[in-house]
Each structure stands twice: as structure tokens, then as C-alpha cells.
Amino acid sequence: MIPDHNRLTIHQAHKLLKTKQLSSVELTKASLERIRQVEPKVQALVTVTEELALKQAQKADELIATGDIHPLTGIPIVIKDNMCTKGIRTTCSSKMLENFVPPYDATVVEKLNDCGVVVVGKSNMDEFAMGSSTEHSALFPTHNPWDLSRVPGGSSGGSAVAVAAGETIYALGSDTGGSIRQPAGFCSVTGLKPTYGRVSRYGLVAFASSLDQIGPLTQDVTDCALVLNAIAGYDTRDSTSVPYPTPDYTQCLTNDINRLHIGVPKEYFVEGMQAEVEIAIRAAIHKLEELGARVEWEVALPHTPYALAAYYIIAPSEASANLARYDGVKYGFSYQDADSMWEAMEKTRQYGFGAEVKRRIMLGTYALSAGYYDAWYLKAQKVRTLIRQEFDQAFDKFDALVTPTSPTVPFKIGEKVDDPLQMYLADVCTLPINIAGLPAISIPAGFANGLPIGMQIIGKPFAEETLLKIAHAYQQATEWHKRKPPI
Amino acid sequence: MKLSREQVLHIALLARLGLTETEVDRLSEQLSDILESFEVLQQVDTTGIPPTAQSITLQNVMKDDEDTASLPQSEILANAPQRDGSFFRVRAVLE
């Protein structure tokens, strides 16, 4: 008898499946049972795909019986509800897509299905991935399993919670300004945003196309590498995916971070940051030093304070263009009681979109409109260049940069939901990385009064291996990632 | 940076976004606050700096114009709010 199926990592579960000490059906039933148990409290899932999961588990068990299987075969996964799943509704947690059933799979879903995974559900998110708390879901808010009165972060809050609460063994999220890393930090799981272009975005509902990237949320770094192995790579259907070879990401998990040069950018220890977070992150960096890394404190990235404004001009601008497709004609919500075509379109968008989505469409439309384009959108794009150049210069010297994932521990539900600027600040440490298109990982690095603190490690473009190596060495030397929420 | 109600209504028209009176008032206030705090961007000297639209160096990605299988019409139309046989049904553009 295996003690607790819901707390197995991918690599542990794989071993048990392969040696037939555990079947995929057993593992899947344990996951579904755990969902029944904790879902009323955390509300992480928009859709539970029980029937499909059991069918996939049976198929996985047949594969296992024949021998050679993939490390992900037969293992339960939750997928963020902005990735198209053929025949399974994909809502983006929006009224606009509440009943949308995609006729095709996203490339990542197709790749995972080819590995024989078991999809147990689709996870809740801020509507169209716009938010930092999952409170902007038009369906319901998700609760942090470490303290149910607090937010799980966002926008991939449902995915982070599903992993943290043991509803699934791992999950996929998407990250436009921190939407994988910030909830990973808030829920004490491992979350990776790969380099822009590393993972195909085909079938990911578009938010801000020059910033969006799909990545894994897992219980440790080894699992993260295994999932990245399965989803990374060039895709002819996404012309922004890069035709570079993909390494085996588990090969870099050597524990040897000797001589690696790590920089600590001082601008990320921002004003208004909680003292407990700063203390925990400084201690975690000292740990990396102990493990052999050469650390330089007080590295200067002087354009960092402008990243937030640049991001919140660029992302909404792209969003306003991407979301123009929701016109009530081809799919999605459609207002029928109008007298004219224009009225139908305006009302469709009025009732189909929530407050934050409307705010960003308005902000983006304004920044792109005649007379304001140069002062706002073009200016933000130029600042984007400066931020990227600054990172490039830092990476001439450093292998990685280390910062907190968020300036605070998870905040209370309701605390920031009516104050957009305060909510935007929750992404202050993560969004510069999307602006520059870099890879970054968040890993558990401590707790303050029982609430999780995440550490962010940032790397050069396409140097995911360096990040995984450092994060893995840290997890081998610490136990934070093994703590599970009291739920 | 103050955004008037008229400006909010103009942007909403550009975005074809219906708004209630309350939303117009709230957005006028919130967008003004947001843009005011984003004025910091104007402090950055960007003389001679080119804009960045995307972070990878790929440009003009081409592929061969090959015939590939497409989704069946019935599946594409399955999500249509209004359809007429094998067509999306739309309202008259000119009245």
C-alpha cells in the first residue's frame, strides 16, 4: 500500500507505475477523491474531467503493461482553462467563453496527450489571465490552501492551488507578467516561465502575444524539468516558437553550482516590500552562496522602476487588439436582443467581459489611439528596449539573477480587488522578465507566519538549464518545497 | 493626466465596448489614476532608442504553401451563436 498518492511527485509516481506497485487508475481515483474532498474549500477547478481521466488512466495502464512508457504516462495533470482542449470547454474563466468547446487541442495539450497523461481538470484563473489574485475570475474566486481567507495569486491561481492542495500531481499555467511564478510563490510550489519562444503558444487563448508563455507548476524542480521536456520545442503552427534544439532538461540537475555567478539586483528589494520576505530571500541567497555560488549583492538594474508602467501599457495594448475577436458572431457569448449590428457587438462585449478585462481594453485602446500612440505605446516599447539591454549587460557577467518572486506574502481576498494600481504592484518583481522575454523560475524559499515566500531565479534567454540547476541544488539542500498546506 | 467622460466614451466607441453610466464614471477616475502614475515613463531618456515589439530575433518566418487537412465545417460552426445551414448568421451591416 502506497501511503499518500496525492503527495507523490511525477518522478516518484513514475517509478511506482513502472514497477507496477501502483496503477494509473488508482492514482487517478486518488486524485479525483482528493478533488471531491478539498474542492469545496479551495475552488481551484472550473471543470473536473472525471470520465475522461478514468478513460485516459485505463489507456495508460494498458501502455504500462506493454512496457516502455514516458515519464508522464498515467500521471494526473490539471490544465489552466485558457489552453484549448478538444471537446472540453475552455472558459478563460470568462462569461464570454463560458460555453466554448474548442474543436482542437493546443499544441502543449497534444504533446502531453501523446505522452499518455491523465487530465483531471481545467483550472480557474483571472479572466483572460488578467490579474494577480484569481479574484478576477468571472466564475468564482479561488482560495489559498495555506490560508483560505487569502488569495492564491494569479492569474494561474487555480493551477497553483490544485498542485499545492494535492488535487493533481502537476499543472500547466501561462505567464504574461508573472502569472505562473507569482501564484507558485503564493502557494509554495515550483513554477517555471520558459523563455519566450521555447514553448508553442498555439491553442493558448491570446492575451498579450509578445509576452505570453506556457509553463509547468510542479512540486519540485525535477518534475519541472520532466514537464518542460514534454512541452518545449518548435511548432510550425506558432511562428514565434524558435527552431532551436531542445535539450534533456533533467541532465542539468547535477547539484553542482560551484563557480556559478549570481547577481542580486537591488531594485527588486523595493519600497513597500515586507520585511519577512526580504529576510527569507536574503537567507535563501546565502544558502546558494554556501552551496558554492559566487554571489554579488547590490547589482544595479536602474530601469527596473519603469518596467511596471511599460508593461501595463504594452500588455493592455496587445490585449485590446487580441480581444477584438470577441464580437458575438463566430463563437462565445452573443447578445441577441439588439436592434443593430453595432449595438449587438457593444452589448456582447459589455456583458461578456468583466471589470478588469474592460479596464485593460480601455487602457490599451487609449494607448494605441491616434494622438496618444507615440507618447504611450511607442514610449513603452522604447523603455522595453532599455530594460532588455540592461538584462543583456547583466548576463554578460552573471549566470543568473535572484530576486523575491513577490514583495509580499499572499494578501487577503478582497484587499486589492477594487484598487487596480495596488493589484498591478503584485507583479512588480515578475513582469520585467516578460518584457525582456527571459526564463525565470519561482521556488519555495520560506514562510512568514505560515504564509509562503517564493524566490525567483532569472536566466539568459534559452538558459532554462542554469535556472533548473540552481533551483534543484537549492531544493536538495532545503525542505521548504516539501511542506504541504494544512488542508 | 485626466481622462474626461467624453474621452472615455470615445475610447469605448473605438473598442466597441458598451459601458453603463457608472462604469464610465469609474473608468474615468481609474484610468486617470493609472495614467498619472505611468507618467514616470516620460522621465526615461529614449533618444535614439529603437522600440522593441518582441523579444526574439526571428523575423519574417515563412513556410511552404502546402495543402493540409482542415477542421470539418460542422466542428467550426458548432460554437456559432447563430447559423444558417453552413454559414455564420450575422446581422445586416447596412440598413
- Item | Residue match in region A:257-277 (condition: closer than 25 Å to residue B:38 by Cβ and crowded, with 19+ Cβ neighbours inside 10 Å) | yes
- Query: Within region A:376-391, how many residues turn out to be crowded, with 21+ Cβ neighbours inside 10 Å and either more than 9 Å from chain B (Cβ to nearest Cβ) or not in a helix (DSSP H, G or I) (or both)?
  - Reply: 1
- For residues that are polar (S, T, N, Q) and part of a helix (DSSP H, G or I), scanning just region A:473-487, find the one that is surrounded by the fewest Cβ atoms within 10 Å (Cβ to Cβ). A:476
- Among the residues of region A:47-59, is there at least one that is crowded, with 22+ Cβ neighbours inside 10 Å, under 23 Å from residue A:353 (Cα atoms) and modelled with pLDDT of 95 or more? no
- Query: Taking region B:1-37 as the search range and keeping residues that are polar (S, T, N, Q) and farther than 16 Å from residue A:354 by Cα, which one is surrounded by the most Cβ atoms within 10 Å (Cβ to Cβ)?
  - Reply: B:28
- Message: Anything in region A:273-327 that is touching a Phe, Trp or Tyr at 6+ places or on another chain (Cβ under 9 Å), within 14 Å of chain B (Cβ to nearest Cβ) and more than 30 Å from residue A:206 (Cβ to Cβ)? List them, or say none.
- Response: none
- The lone condition residue A:236 fails out of (1) within 14 Å of chain B (Cβ to nearest Cβ); (2) β-branched (Val, Ile, Thr); (3) touching a residue at least 24 places away in the same chain (Cβ under 8 Å) is (3)
- So, in region B:75-92, of the ones that are facing another protein chain (nearest Cβ under 9 Å) and loosely packed, with under 12 Cβ neighbours inside 10 Å, which residue ends up nearest to residue A:97 (Cα to Cα)? B:89
- Message: So residue A:127 ticks every box in (1) more than 29 Å from residue B:76 (Cβ to Cβ); (2) touching a Leu at 6+ places or on another chain (Cβ under 9 Å) but one. Which box is left unticked?
- Response: (1)
- Query: In region A:392-424, which residues are more than 10 Å from chain B (Cβ to nearest Cβ) and either assigned to a helix (DSSP H, G or I) or on the phi > 0 side of the Ramachandran plot (or both)?
  - Reply: A:392, A:393, A:394, A:395, A:396, A:397, A:414, A:422, A:423
- Hey, can you tell me all the residues within region A:259-277 that are under 27 Å from residue A:232 (Cβ atoms) and in a loop (DSSP other than H, G, I, E, B)? A:259, A:260
- Message: If residue A:239 satisfies all but one of (1) under 30 Å from residue B:61 (Cα atoms); (2) modelled with pLDDT of 95 or more, what's the number of the condition it fails?
- Response: (2)
- In this structure, is residue A:462 within 14 Å of chain B (Cβ to nearest Cβ), surrounded by fewer than 24 Cβ atoms within 10 Å (Cβ to Cβ) and among the aromatic types (Phe, Trp, Tyr)? yes
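Okay, residues lined up against (1) touching a helix residue (DSSP H, G or I) at 6+ places or on another chain (Cβ under 8 Å); (2) farther than 23 Å from residue A:212 by Cβ; (3) within 14 Å of chain B (Cβ to nearest Cβ):
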| residue | (1), (2), (3) |
| --- | --- |
| A:59 | no, yes, no |
| A:62 | no, yes, no |
| A:76 | yes, yes, no |
| A:82 | yes, no, no |
| A:88 | yes, no, yes |
| A:98 | no, no, yes |
| A:103 | yes, no, yes |
- Does residue B:41 fit the bill of being surrounded by 16 or more Cβ atoms within 10 Å (Cβ to Cβ), more than 7 Å from every other protein chain (Cβ to nearest Cβ) and at pLDDT 95 or above? no
- Members of region A:331-342 found to be more than 8 Å from chain B (Cβ to nearest Cβ) and more than 21 Å from residue A:99 (Cβ to Cβ), listed by number: A:339
- Task: For residue B:55, indicate whether it is closer than 17 Å to residue A:372 by Cα, within 22 Å of the chain's Cα centre (by Cα) and either among the hydroxyl-bearing types (Ser, Thr, Tyr) or more than 10 Å from chain A (Cβ to nearest Cβ) (or both).
- Result: no
- Task: Only one of these is touching a Phe, Trp or Tyr at 6+ places or on another chain (Cβ under 7 Å), under 21 Å from residue A:318 (Cα atoms) and either assigned to a loop (DSSP other than H, G, I, E, B) or in contact (Cβ under 8 Å) with a residue 12 or more places away in the chain (or both): B:11, B:56. Name it.
- Result: B:56
- Message: Let me spell it out: the conditions are (1) aliphatic (A, V, I, L, M); (2) more than 16 Å from residue A:269 (Cβ to Cβ); (3) modelled with pLDDT under 95, and residue A:441 meets all of them except one. Which number is the exception?
- Response: (3)
- Query: Looking at region A:96-122, which of its residues are closer than 17 Å to residue A:330 by Cβ and either over 22 Å from the mean Cα position of the chain (by Cα) or of a type outside the set (D, E, K, R) (or both)?
  - Reply: A:96, A:97, A:99, A:100, A:101, A:102, A:103, A:104
- Message: Among the residues in region A:143-166, are any more than 28 Å from residue A:280 (Cα to Cα) and out of contact with any Leu (no Cβ under 8 Å at 6 or more places or on another chain)?
- Response: no
- Restricting attention to region B:10-36, report how many residues are of a type in the set (D, E, K, R), farther than 22 Å from residue A:423 by Cβ and more than 8 Å from chain A (Cβ to nearest Cβ). 1
- Task: State whether the residues of region B:41-52 include one that is part of a loop (DSSP other than H, G, I, E, B), under 21 Å from the mean Cα position of the chain (by Cα), more than 22 Å from residue A:342 (Cβ to Cβ) and free of Cβ contacts under 8 Å to residues at least 24 places away in the same chain.
- Result: yes
- Message: Considering only residues that are more than 8 Å from every other protein chain (Cβ to nearest Cβ), of a type in the set (A, V, I, L, M, F, W, C) and crowded, with 24+ Cβ neighbours inside 10 Å, which ones fall in region A:343-375?
- Response: A:357, A:367
- Of the numbered conditions (1) surrounded by 12 or more Cβ atoms within 10 Å (Cβ to Cβ); (2) touching a helix residue (DSSP H, G or I) at 6+ places or on another chain (Cβ under 9 Å), residue B:50 fails exactly one; give the number of that condition. (1)
- Item | Criterion (more than 21 Å from residue A:217 (Cβ to Cβ) and buried (at least 24 other Cβ atoms within 10 Å of the Cβ)) met by exactly one of A:453, A:435, A:441, A:470 | A:435
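The values are calculated or read from the model by the stated rules, or taken from the named source; none is laboratory data. Remember, predicted model here, so these are calculated numbers, not experimental data. Cβ coordinates were reconstructed from backbone atoms using ideal geometry, including for glycine residues, and neighbour counts include every protein chain displayed.
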